[in-house]
Amino acid sequence: MTRKTTPPSSSLLLKFFAPAIIAAVMIAVSVAAFPSSSTDTEKPKFIIDEDCPVFAFSADNHVAYAVRRIYNWKKFTVEGDDLWISNETGNKRKKIIEGDKLVKTTTFHSYSIHDITWSPDSRRLTIEKTTEQINSAKKGDISSGETIELMDSDGHEIPIKGMEPPPAPPKPQGKNGDKKNQDQDEDEDENEKPKFSPFIGASQGTWLADGATVAFLFEAVKPNLLFEIHTIQPATGKVKTLFAGHLFAGVVWDAAHSTAFAVQRDKGTDGPADLLWLDLAHEIGNKIAPIDGFQGQLTVSPSGRRVGYFRDGDYLEIRDITPNSKPLSLRVGYGRFEWSPDERYILLKRGPETRSGNMVWISIPGGDFTPAMHDLVFRDFHISPDGHWIGLMEVGKRIVKIYPASTFAP
């Protein structure tokens, strides 16, 4: 005899499966609200799987990047960063600075690379470094400071005429080949090879369009409040102060046109400020407008016709090169930003420049916000000069991933 079974009613099924349905909905909502911690759905063109404190795109889309290196050498712990150059596809990479060869010497020397700038023709670089060296091994006297190094894209140092260090004198030998006291020997080594450079204490070095002139800043009011503008021609050794007698709270180079935008403040840090356009080749300056509450992040647009900066904390102000043009003022929150190649958007990393933050596209002139990179947090970013690529520096190890810019277009 076969017993007929009755299927459970729909009310019983709902009662039985309701907890599972609710859990599934909650998981789906959670996934939507909290995207993955990396851009897994977009594949980068290539990855620089190193601790990269800084990187930079050239006009022809090569990428120069520093790699942090720490060494234990004799009785010191020293830093000597490597410098690499990659082509735009990442399949050809060349190390042009080997840090261990520069710091593993009888003379204590330590340095870190914290800025790289390409020349407009992609053939030369300026490398900004923080250096440390011993003045006396016996006394433990160590000095440090900022400097700039010039180099071609093959890794050859570009010398400055008339400022090369003199040849080291022959080293005296102890009697019967006896070795001198090690500290005394190290002190003599330090004094044998003095280094001369017009870039000691300089910052923001850049090659100009002629390929022969380097512009840079010198601190005039500490700490990094006001600056002077200088240039040097390495082939001739000629150094010049531009716009002598004038001090600037901020300068951004438009190296491809040998021009700059600058915020002039001649009457101290609390005095009035003016936004200027500067022709560096002919030493001509045009006043665009007065600025109140300048807060930094002066950034020039790709065309060189517009400039953006922060004022009064959270306001991004954009001005055209035309004198007395009406500014566009947007309340966006402070951060570091770069322009899209068509100048219709800016990409803003929120927060202090040296801290990680999420990123947002802001339309110009509308001021509309579009979350960028899935609203994830990054340490830094750069858009290539032609706008085809974007490099994202991840939090932590500072790995750099290079993506087609269209991947994250607003």
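Coordinate-derived values only; no laboratory data. Predicted model only: the values in this text are computed from it and were never measured. Virtual Cβ from ideal backbone geometry, glycine too; neighbours counted across all protein chains shown.
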**Request:** Read phi for every residue in the stretch 280-294 and hand back ³J(HN,Hα) as whole Hz from Karplus 6.51 cos²θ - 1.76 cosθ + 1.60, θ = phi - 60°, with x for Gly and Pro.
**Result:** 6, 5, 10, 6, 10, x, 10, 6, 8, 5, x, 10, 10, x, 4
**Request:** Would you give the gap between the C-alpha center of the stretch 273-329 and the C-alpha center of the stretch 62-122, rounded to a whole Å?
**Result:** 34 Å
**Asked** If contacts are Cα pairs under 8 angstrom and at least 6 residues apart, what is the relative contact order of the stretch 219-320 in percent?
**Response** 16 percent
**Item:** ³J(HN,Hα) computed for each position of the stretch 322-327 - Karplus, 6.51 cos²θ - 1.76 cosθ + 1.60, integer Hz, glycine/proline x
**Value:** 5, x, 6, 5, 6, x
**Asked** Normalised by the residues of the stretch 336-410, what does the relative contact order come to in percent, with Cα pairs under 8 Å and at least six apart?
**Response** 21 percent
**Prompt:** Once phi is turned into ³J(HN,Hα) by the Karplus curve 6.51 cos²θ - 1.76 cosθ + 1.60 with θ = phi - 60°, what whole-Hz value does each residue of the stretch 345-351 show in order, with x for glycine and proline?
**Reply:** 9, 10, 9, 10, 9, 6, x
**Request:** Might you report the magnitude of the Cβ-based charge dipole of the stretch 336-410 about its Cα centre, with Lys and Arg at +1 and Asp and Glu at -1, to the nearest 20 debye?
**Result:** 380 debye
**Prompt:** Just the C-alpha atoms of the stretch 264-337: what Rg/Rh do they give, with Rh taken as the Kirkwood radius?
**Reply:** 0.96
**Prompt:** Using 1/(1 + (r/R0)^6) with R0 = 25 angstrom and r between the beta carbons of Leu102 and Ser122, what's the FRET efficiency to the nearest 0.05?
**Reply:** 0.55
**Prompt:** Within the set Lys95/Lys397; Lys74/Lys238; Lys267/Lys349; Lys101/Lys397, which residue pairs have Cα atoms separated by over 29 Å?
**Reply:** Lys74/Lys238; Lys267/Lys349
**Item:** Rg over Rh, two decimals, the stretch 207-290 (C-alpha only, Kirkwood Rh)
**Value:** 0.97
**Prompt:** Under a point spin-label approximation (7 Å from Cα along Cα-to-Cβ), what is the His374-Asp51 distance to one decimal in nm?
**Reply:** 2.6 nm
**Inter-probe distance in nm under a simple model that places probes 7 Å from Cα toward Cβ, at Val221 and Ile158** = 3.2 nm
**nm² value of the averaged projected area, convex hull over the Cα atoms of the stretch 336-410** = 4.6 nm²
